[in-house]
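Data block below; observations after.
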Amino acid sequence: MKSIQTSKTKYIFVTGGVLSSLGKGITSSSIATLLQHSGFEVSILKIDPYINVDPGTMSPLEHGEVFVTSDGAETDLDIGHYERFLNKDFHKANNFTTGQIYLSVIEKERRGEYLGKTIQIVPHIVDEIKHRIHLAGKQSDFLIVELGGTVGDMEGMPYLEAMRQLKHELGSNQVISVHVTLIPLIKAAGELKTKPTQHSVQELRRIGISPQILVARCERMLGKELKKKIALSCDVDDDSVIVAQDSQSIYKCPLDFLQEGILVPIARRFGLGELNPNMDEWDMLVKKIISPKDSITIGFVGKYLSLKESYKSLTEALIHAGAHINTRVDIRWIDSQKLQGTALEDGKSELDGVDSILIPGGFGERGIEGKLQAIEYARVHKIPLLGICLGMQLAIIEYARNVLGIIQANSTEFDKDTKEPIIYLIEDFIDSQGNKQVRTHSSPMGGTMRLGEYPCAVLKGSKLYEAYKQDCIRERHRHRYEVNPAYKKRLEDGGMVISGESSGLVEAIELKDHPWFVAVQFHPEFTSRLKNPNPIILEFLRQTLAHKRVH
Ligand code: GLN
């Protein structure tokens, strides 16, 4: 790794203007990717100005997916983007919320650490923010700091003040401010409008921050003249207006940014020489995403379909694995509730014609019967199936009910008093070192969760082994319920293979007399990256492609 001569971390602050959802996360990830491929050590921090301590308690329909890091933090889904782009693990310290900042300041105050002072936003809250930014940047050449929300939001004020102060303290060759904004196209007039951007930059300046680079989201490419006009009115260099046009794939964005020359002002501001990132492998993968040789159709049986962001890591993981086998993955979104009670016979189901079936994770009772139906369909029709977390729990319930004759088999999540609790709640468990572990308390409301990375011993000769080719793997978890060990023997005697275990807990199952029916308790999607797809998802796609070719 190339390291910057001065040992100090350089900071790139990314703020957003005009409106949300302009792609600050992808902008931050793209800049980080280009710097990483130029040989630097890069880290990213996402700041969420909401008051929740973490997104763990928010509904997936409210906030999209909750991403889980290897150290068990429940974070914003942008951390997932960072890992997928940078192909490395991030941790608890790479995401914080206003709730966390206030919580730690108030705890310090209660412990008397402020020595009787009046606690205020400036300096105490802002100091806590700066402290956490420094912590996240330690041991990196660059730290990209992405601030959630848009400039002008009340919640964002202390963070902008922290950014202003850091620039003052560290100097302008250590800190760059990038502002992501919108250049709307007024269709009737056929005109691109720069006024919202000017207003947004003025608002930033009022707070004391002058951006050096503008990333302008725009439906069209901007002409030289318009770029010049924006540069002049917003007081940035002419080469520092970077256009971010809608891209065919988010993974193309770093390449687009490179072409737009974003590294030129970055290198100049930081006093670095010319930067030449090696993007060859990346470029090749993007080409395979955009124009693949093959295509497959996967039936995705979920329940949070009104907000597809709830399944972000999984849909991205399908894209990564698809790129590595030069195949486009078309998703047929199937609402599990609508599947409930529908026919299993060929020609009558919404699942007809899919090349494989994917049952993702989920919480609560709604849509369960429909998912069971889809699992039965895959088992009976011998269609490849991958079940994840809740998907594995349901695959076991379906097998117990329909093959083993344990008709009342259920999870205590759906029926607290079920007579056959084949999936149940355990409060604590024994870890791989033989120590008793108590589950992480994720919320007073939700009880306990098994969160983060755990080892899993893989059965030799199994389909799971075929995929990972390792005796022991590490994957991430986010669930409360487990397979009840009291039923293990009956499942195995009845033909189900337990192919993965973690200190006595069932981590993976599969069927022998089926081409490819695999379900896992962990979430393989959390460790999938563009350059390093997850093995079980890759194998699922290979099997899907093979199944398509036969039929
Ligand atoms: N609801 C199930 C549990 O808590 C599965 C969770 C999931 O799929 N992430 O165990």
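So the values come out like this:
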| item | result |
| --- | --- |
| Qualifying residue in region 35-43 (condition: over 25 Å from Gly171 (Cα atoms) and among the aromatic types (Phe, Trp, Tyr)) | no |
| Residue that is modelled with the lowest pLDDT, among those in region 416-427 that are farther than 25 Å from Pro524 by Cβ, of a type outside the set (Asp, Glu) and surrounded by fewer than 16 Cβ atoms within 10 Å (Cβ to Cβ) | Lys416 |
| Some residue of region 520-528 being among the hydroxyl-bearing types (Ser, Thr, Tyr) and closer than 20 Å to Ala378 by Cα | no |
| Subset tally (residues that are closer than 16 Å to Gly17 by Cα and of a type in the set (Asp, Glu)) for region 162-208 | 1 |
| Residue selected from region 428-481 under the condition polar (S, T, N, Q) and modelled with pLDDT under 70, by the criterion surrounded by the most Cβ atoms within 10 Å (Cβ to Cβ) | Ser442 |
| Search result, residues across region 416-429 that are outside any loop (DSSP other than H, G, I, E, B) and either under 24 Å from Ile536 (Cβ atoms) or hydrophobic (A, V, I, L, M, F, W, C) (or both) | Ile422, Ile423, Leu425, Phe429 |
| Selection count, region 75-96, where residues are in a helix (DSSP H, G or I) and not small (Gly, Ala, Ser) | 11 |
| Selection within region 97-121 - of a type outside the set (Val, Ile, Thr) and either part of a helix (DSSP H, G or I) or within 15 Å of Ile47 (Cα to Cα) (or both) | Gly99, Gln100, Tyr102, Leu103, Ser104, Glu107, Lys108, Glu109, Arg110 |
| Any hit, region 253-265, residues being closer than 24 Å to Ser210 by Cα and either assigned to a strand (DSSP E or B) or of a type in the set (Lys, Arg) (or both) | no |
| Flag if Pro524 is farther than 24 Å from Asp415 by Cβ, within 16 Å of the ligand (Cβ to nearest atom) and under 18 Å from the mean Cα position of the chain (by Cα) | yes |
| Extreme residue, surrounded by the most Cβ atoms within 10 Å (Cβ to Cβ), among residues of region 128-157 that are small (Gly, Ala, Ser) and assigned to a helix (DSSP H, G or I) | Ala136 |
| Hits in region 44-66 (condition: in a strand (DSSP E or B) and out of contact with any Phe, Trp or Tyr (no Cβ under 7 Å at 6 or more places or on another chain)) | Leu45, Lys46, Asp48 |
| Matching residues in region 1-24 - criterion: being at pLDDT 95 or above and among the small types (Gly, Ala, Ser) | Gly16 |
| Test: residue in region 460-473 that is under 30 Å from Asp78 (Cα atoms) and within 14 Å of the ligand (Cβ to nearest atom) | no |
| Counted residues, region 492-509 - those being modelled with pLDDT of 95 or more and crowded, with 22+ Cβ neighbours inside 10 Å | 7 |
| Unique match (being crowded, with 17+ Cβ neighbours inside 10 Å and in a helix (DSSP H, G or I)) among Ile296, Ile289 | Ile289 |
| Count of region 185-235 residues which are in a loop (DSSP other than H, G, I, E, B) and without any contact (Cβ under 8 Å) to a residue 40 or more places away in the chain | 13 |
| Flag for Thr15 being under 30 Å from Arg205 (Cα atoms) and not in a helix (DSSP H, G or I) | yes |
| Criterion violated by Asn484 - all others in (1) crowded, with 19+ Cβ neighbours inside 10 Å; (2) within 15 Å of the ligand (Cβ to nearest atom); (3) closer than 27 Å to Tyr311 by Cβ satisfied | (3) |
| Matching residues in region 195-216 - criterion: being surrounded by 22 or more Cβ atoms within 10 Å (Cβ to Cβ) and within 26 Å of Gln248 (Cβ to Cβ) | Thr197, Ile213, Leu214, Val215, Ala216 |
| Residue match in region 497-519 (condition: outside any helix (DSSP H, G or I), farther than 28 Å from Glu365 by Cβ and within 16 Å of the ligand (Cβ to nearest atom)) | no |
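The values are calculated or read from the model by the stated rules, or taken from the named source; none is laboratory data. No experiment lies behind these values; they were computed from the predicted model shown. Reconstructed Cβ throughout: ideal geometry from the backbone, glycine too, with neighbour counts over all protein chains shown.
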